[in-house]
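Enquirer: First the structure, then my questions, so here it is.
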Amino acid sequence: MDSLQSFDPLQAFAFSSKPQISRVELDSLTSWSSAAPNHDKSTRKEVKFAIDEELNRRVFLWEGKLWELAADGIVNSTNESMSDRTGVSGSILSHGGSQLEEEIYQTEGCRTGECRMTRGHALPCKKIIHTVGPRYNDRYVTAAESALHYCYRNALELAVETNLSSLAFCCVYTERKGYPRRDAAHIAIRTVRRFLEQFSSSKEKSADRGLSHVVFCVDNRKDYDIYNDLLRIYFPRNADDIQYQIEKIPEDIGNEKGEPVVDERKVRISAMPGQEEERAVITAGETVTEQFASTESFQSFASMTSAPDASRLSTTSGGGGGGWGSSDFQTNEQLYEQYLRKSLSVDVRHVSRHDFLYRSGQDNNGRPVFVLVGNRFPARDLEDDHVILHLIKTMDNQVHVPYSIVYVHSNFSVALNQPLPSLFSRIHEVLDRRFKKNIKRLYVVHPSMSSRTILVGLRALFSPKFWQKVVYCEKVAHLYEHCKRNEVILPDDVMDYEKEQENSLMNQFFSWSL
């Protein structure tokens, strides 16, 4: 009886109709080193990327189906909810089976530049590393380059941390996100080269750890030709490749990790503004590790400005934790790009864990919805700039299209949750015009007198037509007249609050009738 009750005909249909999958062993692939023409491999020329036989033996270029590779790990390019059913990602989901989808459903999601790992389930691989590639924007090229670099770098680091010996990459940059294919391949190959160099030379690496196979897997001849061409630059095998590198290598080859850098954008770190002897120079976009984040140095990271203007630290952003630049010296585009780059490297998990802002489904017009939960925002505990970084990290890759916000005011406390004016002011300075132009609806759930203060602050961030976009929802049911109930998920305590309010009104009614 129990087995009959647990039977799911839809799941059974999905299992029975699941497409068959082939299995491609790594031993059948030809290494980049073995694919080299039999030419002279000796050279005395000084080059950026020298011939390294060991690295070349570990790199593979293969045209085929990523999900058929029997690698320890494969890297899947997906969306933030890890539910992309198009292209390679769609094939991975359809072949991976219902258990893969269930594990993804239980995962918290993934932001641009980050990685999440699941088991391979029905696929030949042991693990799947899911990542979200950036959407290319001509206005924010450097930010897109950095984001793409972190997709590859974080996947490699996760593979080594979890003792995978082989890792296969798809082209993380999908066609629909508009990233120029050749430019993206430069970043992908260069990042892998730098990582393998550093990890191979690490004194801490034991003999039985490390990546023996890194596969660049492409699914079309155009991408294959691009990789076959660019691998000669970053993984030269002979004198001909060295000469090709000298002729074709781009001027910007990134830093020691392969990450793109902008020389003129240097920033200073100071534990206390004005203490010149304690300042150190780092490059914007440099990774801030957990170890660094736990030190006092990280606390000063919020005091960062453009290098020549460090003296302005104490007067910028009105006591909300300092700012990373000033609109007096930067255009809005420059300022936003600086914050966007920082959102990819600065650890703001202490902000995101409060879960006061998250992406959740669509409204009835198909617009992406962001949920802002007022009573989860610890107004007195967070730095303004860290809040803005979390906002950008959560919303940036969606606000290029019309979008909506659901603001939940249930159980809001003015003392604990009311944002300071400095936060609204700083957000207004930093956010680019897409945020302001493309918001189409603001749904306010359980509005009250105190919610008006929040709305006045939000009005300053958007357009003069702001009030025309506000929809008041006295009940959750009213919200779901505009949004998809099964997609726009609210915290459980929202319904509890609504029931308490209804019971309170009923009690008042009966007390008056008596």
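All of the numbers you see were taken from the coordinates with simple rules; none came from a lab. Keep in mind that what you see is a predicted model, and the values were worked out from it rather than measured. Please note: Cβ atoms are built from the backbone with ideal geometry, for glycine as well, and neighbour counts cover all protein chains shown.
Enquirer: Ranked highest first by the average count of other Cβ atoms within 10 Å around their residues, in what order do 482-488, 94-100 fall?
Expert: 94-100, 482-488
Enquirer: Would you please name the trypsin sites (Lys or Arg not before Pro) within the range 356-407 that are DSSP coil residues with at most 14 other C-beta atoms within 10 Å of their C-beta?
Expert: Hits after loop and neighbour filter: Arg380.
Enquirer: Is the shape of the range 75-216 best called rounded, prolate or oblate, per the rule: a/c under 1.5 gives rounded, else a/b larger than b/c gives prolate, else oblate, with a ≥ b ≥ c the square roots of the Cα gyration tensor eigenvalues?
Expert: oblate
Enquirer: Order of 133-145, 69-81 by packing, highest average Cβ count within 10 Å first?
Expert: Listed from highest to lowest mean packing, they are 69-81, 133-145.
Enquirer: Over the range 119-252, what is the relative contact order in whole percent, taking alpha-carbon pairs under 8 Å and six or more residues apart?
Expert: 24 percent.
Enquirer: Still on this structure, please answer the following. Please give the length that would be gained between Glu502 and Glu161 if that part of the chain were fully extended, namely 0.36 nm times their separation in residues minus their C-alpha to C-alpha distance (nm, one decimal).
Expert: Contour length minus Cα-Cα distance gives 117.6 nm.
Enquirer: Can I ask one more? At 0.36 nm per residue, and after removing the present C-alpha to C-alpha distance, how many nm does the segment from Ser22 to Arg349 gain when stretched out fully?
Expert: Gain on extension, Ser22 to Arg349, equals 113.7 nm.
Enquirer: With a ≥ b ≥ c taken as the square roots of the eigenvalues of the C-alpha gyration tensor of the range 350-500, please select rounded if a/c is under 1.5 and otherwise prolate if a/b is larger than b/c or oblate if it is not?
Expert: Rounded shape, in that the Cα axes give a/c under 1.5.
Enquirer: If packing is taken as the average number of other Cβ atoms within 10 Å across a peptide's residues, how do 345-355, 154-164 rank, most packed first?
Expert: Per-residue Cβ counts within 10 Å, averaged per peptide and sorted highest first, yield 154-164, 345-355.
Enquirer: Work out how much length Glu54 to Val141 would gain on full extension: take 0.36 nm times their residue separation and subtract the Cα-Cα distance, in nm to one decimal.
Expert: Length difference between fully extended and current span is 28.0 nm.
Enquirer: Can you tell me the relative contact order of the range 15-248? Whole percent, Cα pairs under 8 Å, sequence separation 6 or more.
Expert: Reported relative contact order: 28 percent.
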